[in-house]
Amino acid sequence: MFSHVVIFWTDPQNPKAADELIAGVEKYLRPIPGVLHFHVGKMATSARPVVDQSYQVALNLVFPSKKAQDDYQVHPLHIDFVEKVFKQACKRVVIYDFE
């Protein structure tokens, strides 16, 4: 198993950026083959001080292998997402990959 967690900070100048980002993820990333688990959503609020609440959207993907994730990264739909959605909607991203 290979997990790919992406944390997005959207453009504060665009109040619709989180919704646009999620719509773009659904359009461009969900159809890419090789993903075992796909979950995208807005940050959930928490009263717990250890929970980071500075971001707006997160994406959690699970692949059967690192190779499947590597193939996903170079898929034309992933490249389209980065160019057409991510670069317009986001100001920062942090990625956590683990096996």
- Between the residues Ala23, Ser3, Ala68, the Cα farthest towards the positive end of the dipole of the chain, that dipole coming from +1 and -1 charges on the beta-carbon of Lys, Arg, Asp and Glu, is from Ala23
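From Cα pairs below 8 angstrom and at least 6 apart in sequence, can you work out the relative contact order of the chain, rounded to a whole percent?
Values: 164 pairs, mean separation 50.5, N = 99.
Here the relative contact order equals 51 percent.
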- In debye to the nearest 20, the charge dipole size for segment 1-59, taken about the Cα centre with +1 at each Lys and Arg Cβ and -1 at each Asp and Glu Cβ, equals 120 debye
- Message: Expected output is a single nm value to one decimal: the length gained when fully extending between Lys16 and Ala47, i.e. 0.36 nm times separation in residues minus the C-alpha distance. What is it?
- Response: 8.7 nm
- Fewest-first ordering of His75, His4, His37 by Cβ atoms within 10 Å yields His37, His75, His4
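Return the calculated 222 nm mean residue ellipticity for the chain, to the nearest 500 deg cm²/dmol, obtained by summing -39500 (n - 2.57) across DSSP H runs with n ≥ 4 and dividing by the residue count. Working shown, then result.
Details: 3 runs with 22 residues, N = 99.
Taking each H run of at least 4 residues, the total per residue is -5500 deg cm²/dmol.
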- Mind checking the log10 I(q)/I(0) for segment 1-80 at q = 0.18, 0.19, 0.20 Å⁻¹? Debye, one equal scatterer per Cα, no solvent, two decimals. -0.80, -0.87, -0.93
- Item | In the chain, lysine pairs with alpha-carbon atoms under 17 angstrom apart (chain gap of 8 or more, or interchain) | 9
- Task: Per residue of segment 12-18, in order, report the coupling 6.51 cos²θ - 1.76 cosθ + 1.60 (Karplus, θ = phi - 60°) as ³J(HN,Hα) in whole Hz, putting x for Gly and Pro.
- Result: x, 6, 10, x, 9, 4, 5
- Message: Amide H of Asp11 versus every other amide H placed in the peptide plane: which residues, excluding those fewer than 5 positions away on the same chain, fall under 5 Å?
- Response: Cys90, Lys91
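Coordinate-derived values only; no laboratory data. Since the model is a prediction, treat every value here as computed from it, not as a measurement. Ideal geometry is used to build each Cβ from the backbone, glycine not excepted, and the neighbour counts take in all protein chains shown.
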